[in-house]
Amino acid sequence: MDRKNFIKSVMAGAAGESSLSSFHTLTSGLKENGKVMPVLFIGHGSPMNGIENNEFSNGWKKTAEALPTPTAILVISAHWYTKGTRVTTMDFPETIHDFGGFPEALYDVQYPAPGSPELAKETSELIRSASVIPDHEWGLDHGAWVITRHMYPDADIPVVQLSIDYSKPPEYHYSLGKELYKLRKKGVLILGSGNMVHNLRMIAWDKMEGTYGYDWALELNETFKNRIATKDHRSLIAYDTLGEAAKIAIPTPEHYLPLLYTLGLQDSKDETSFFNDKAVAGSLTMTSVKIGR
């Protein structure tokens, strides 16, 4: 049975109960495999990237092709911003279309990846700095599926989301990322999804096509890359001390904070590389980071 039919059988009722048991067996008991999975921060940009074949979605595909096949994916998305830290725990998360004003084709997209209650439980147990709240309602927002449907189009890898607690300072998010390091040894791909530079109020609407960045956006993008490459995490945590450009580029922190989770997961041996290193619409950067090999 192929994966899509397998998932359908799980959802089919009485006959599906046996399949659901098999599915839990498939995803339970994640074990260390001797390798350390790389970590990604992805600049996700417009939801339209979810249905377009462009340089950014192609960059995500190529990155996935160079990775070991994950046992599961844990996404920290800018678009799940909550009081308290929450984790999705359902077997089959719904595809959330959390945006407005886009073509109907975007709302028609479904990404039927399974969830993993087992990964959710292990994630909760690894986090000691907070009491993680199990969530049965959220699903996969566009910060997750816009990327994963290009990286893993068969939707055959379990996906879990971890929320961002808006009441906590940057240091909290960086430290929480460190607590998840063990998942890298179990083949889990941890993916932060946001944008380093993200100011929707200053979008250059006349320059939506192609790539274009304001001078301050390009300047700060280079600053971020240099600090990431040299592992200067302290200054990246204290991003509000990086000058006027940072204040303009990060008017609110939700799209930047996923980067801190990924940096917290970096160890002393991890190399860093960049891809999709472009600015769009003046005030957004798509620059993405791969940590590890």
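The values are calculated or read from the model by the stated rules, or taken from the named source; none is laboratory data. This is a predicted model, so every value here is computed, not measured. As a convention, Cβ positions derive from the backbone with ideal geometry for all residues, glycine included, and neighbour counts pool all protein chains shown. Heavy atoms of the whole protein, side chains included, go into the accessibility calculation; ligands, DNA and RNA do not. Shrake-Rupley method; radii C 1.70, N 1.55, O 1.52, S 1.80 Å.
Computed over the Cα atoms of segment 107-180, the ratio of the radius of gyration to the Kirkwood radius (Rg/Rh) comes to 1.00.
Approximating the spin labels as points 7 Å out from Cα along Cα→Cβ, the SER273-to-ALA229 distance works out to 1.4 nm. With a Förster radius of 41 Å applied to the beta-carbon distance between ALA105 and THR69, the computed FRET efficiency rounds to 0.90. Solvent-accessible area of segment 113-196 (1.4 angstrom probe, protein heavy atoms only): carbon and sulfur portion equals 50 percent. Whole-Hz Karplus values for segment 233-245 come out as 5, 4, 6, 6, 5, 8, 4, 6, 9, 8, x, 5, 4 Hz, taken residue by residue from phi with 6.51 cos²θ - 1.76 cosθ + 1.60 and θ = phi - 60°; glycine and proline positions read x. Taking the Cα centre of segment 179-285 as origin and assigning +1 to Lys and Arg Cβ atoms and -1 to Asp and Glu Cβ atoms, the resulting dipole is close to 500 debye. Which angle from 0 to 90°, rounded to the nearest 10, does the C-alpha axis of helix 142-151 make with the longest principal axis of the chain? Once rounded, the angle reads 70 degrees.
Taking the Cα centre of segment 61-163 as origin, sum charge times position over the Cβ atoms of Lys and Arg (+1) and Asp and Glu (-1), and report the length of that vector in debye to the nearest 20. Walk me through the intermediate numbers first.
Details: 7 positive and 14 negative charges, 86 e Å.
It comes to approximately 420 debye.
Using a Gaussian network model of the chain in which every pair of alpha carbons under 10 angstrom is joined by a spring, one finds that among ALA66, ALA217, ALA246 the greatest mean-square fluctuation is at ALA66. In this structure the amide hydrogen of LYS278, modeled in the peptide plane, comes within under 5 Å of the amide hydrogens of MET286, THR287, none closer than 5 places in sequence on its chain.
What size of dipole, in debye to the nearest 20, comes out for the chain about its Cα centre when the only charges are +1 on Lys and Arg C-beta atoms and -1 on Asp and Glu C-beta atoms?
Values: 29 positive and 35 negative charges, 182 e Å.
The dipole magnitude comes to about 880 debye.
Accessible surface for the chain, divided over its residues, is 44 Å² per residue with a 1.4 Å probe. Under a 10 Å cutoff between Cα atoms, tell me which one of GLN266, GLN110, GLN161 has the largest fluctuation in the Gaussian network model of the chain. Highest fluctuation among the options: GLN110.
Amide H contacts under 5 Å for GLY213: GLY282, restricted to partners 5 or more places along the chain or on a different chain, H placed in the peptide plane at 1.01 Å from N. Taking the C-alpha atoms only, the angle from helix 55-65 to the longest principal axis of the chain is near 50 degrees.
Percent of C-alpha pairs per 10 Å bin in the chain, short distances first: 6, 29, 37, 21, 5, 1, 0. Of the residues ARG201, ARG86, ARG149, the one that moves most in a GNM of the chain with alpha-carbon contacts below 10 Å is ARG201.
Placing unit charges on the Cβ atoms of the charged side chains and taking the dipole of the chain about its Cα centre, the candidate lying farthest along the positive direction among LEU176, SER57, PHE275 is LEU176.
Between the Cα long axis of helix 170-179 and the first principal axis of the chain there is an angle of about 40°, rounded to the nearest 10.
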